[in-house]
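Before any comments, here is the structure.
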Amino acid sequence: MSTVSKALELLHLFTRAEPQAGLSDLARRAGLNKATCHRLLTDLATAGLVEQVGPAREYRLGPAVLRLAALREDSVPMQTAARPVLDALAESTGETAHLSLLVAGRLRALAFAYSSRHATRVMMSDADDLPFHATASGLAVLGALDHTSREAVLSAPLARLTPLTVTDPATVRAIAVAARAEGYAESIGGLETDVHSLAVPLFGPDATCLGALAVAAPASRMSPGMVLPALMQAARTITTQWGGTVPADIAARWTAAA
């Protein structure tokens, strides 16, 4: 891995749950010695990509990240385009809707919306990386990826996150292939034992999978028959707004389910 790659990898260690971290923690999580980690963080700080705060001099994302994010959203307004659709999906289903993007081989949560219909709901505030094998979003993306990209994901260890998490690569592969055939993926208890989620892939130009759109609900309340048509229509709308194309086989399944 190049020096630039190692430095940029440090940026991915900051999450909603852990927006700040000290040098020792970052070095441990990145698998680097402290001297190398400090040198990389110093370079990132010089560029404004991280900054140190507080008496402990912990690191957090710097102001340059805001500028880059604003430039990206101005030129490719993915979140701006998706937000009204995401909010409408949450309200129409009465459940939590969330959108994730493929970023450097990870599935990263981009945005989420809550319905006001229920006091009890699935919370997304601590979610950043979504495990491919343990979430409906991840399984939907795996099903939409090409064979090489899918196998790269399945070659890494698959962590058991709940008693219901599927960790056998062959089984996960079969579930992902079935998700492609059905046009959607489903996960019950894979990431959280009492959560039932449904997801569909999102696409860019040339029908390239960019991420996923999902609805998550307490397992006792999920109604796939009511959620899926709205979910698929929302995914079609977002894909169109992103200038994307839904693959013909998936588009046919979504049309049949409407």
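Brief remarks follow.
- Only residues that are small (Gly, Ala, Ser), surrounded by 15 or more Cβ atoms within 10 Å (Cβ to Cβ) and outside any helix (DSSP H, G or I) were counted across the range 224-253, and they come to 1.
- All positions within the range 134-164 that are closer than 27 Å to residue 247 by Cα, in a loop (DSSP other than H, G, I, E, B) and not hydroxyl-bearing (Ser, Thr, Tyr): 134, 145, 146
- Meets criteria (assigned by TED's automatic domain parsing to the domain that holds residue 136 and part of a strand (DSSP E or B)) for residue 192: no
- Within the range 165-189, being farther than 20 Å from residue 236 by Cα and assigned to a loop (DSSP other than H, G, I, E, B) holds for 165, 166, 167, 168, 189.
- Scan of the range 158-186 for residues that are among the small types (Gly, Ala, Ser), within 20 Å of residue 148 (Cβ to Cβ) and either surrounded by fewer than 16 Cβ atoms within 10 Å (Cβ to Cβ) or in contact with a His (Cβ under 7 Å, 6 or more places away or on another chain) (or both), ordered by number: 170, 174, 178, 181
- Sole exception among (1) among the small types (Gly, Ala, Ser); (2) closer than 23 Å to residue 81 by Cβ; (3) crowded, with 21+ Cβ neighbours inside 10 Å for residue 204, by number: (3)
- Extreme residue, farthest from residue 62 (Cα to Cα), among residues of the range 1-20 that are over 22 Å from the mean Cα position of the chain (by Cα) and not in a loop (DSSP other than H, G, I, E, B): 3
- Filter result (of a type outside the set (A, V, I, L, M, F, W, C), assigned to a helix (DSSP H, G or I) and touching a Leu at 6+ places or on another chain (Cβ under 7 Å)) within the range 78-132: 79
- Residues in the range 54-67 that are surrounded by 12 or more Cβ atoms within 10 Å (Cβ to Cβ) and among the aliphatic types (A, V, I, L, M) were compared, and the one that is modelled with the highest pLDDT is 61.
- Test: residue in the range 92-112 that is touching a His at 6+ places or on another chain (Cβ under 8 Å) and either in the same structural domain as residue 18 (by TED's automatic domain parsing) or buried (at least 21 other Cβ atoms within 10 Å of the Cβ) (or both): yes
The values are calculated or read from the model by the stated rules, or taken from the named source; none is laboratory data. In this text the structure is predicted, and so the values were computed from the model without any measurement. Glycine gets a Cβ as well: all are built from the backbone with ideal geometry, and neighbour counts include every protein chain shown.
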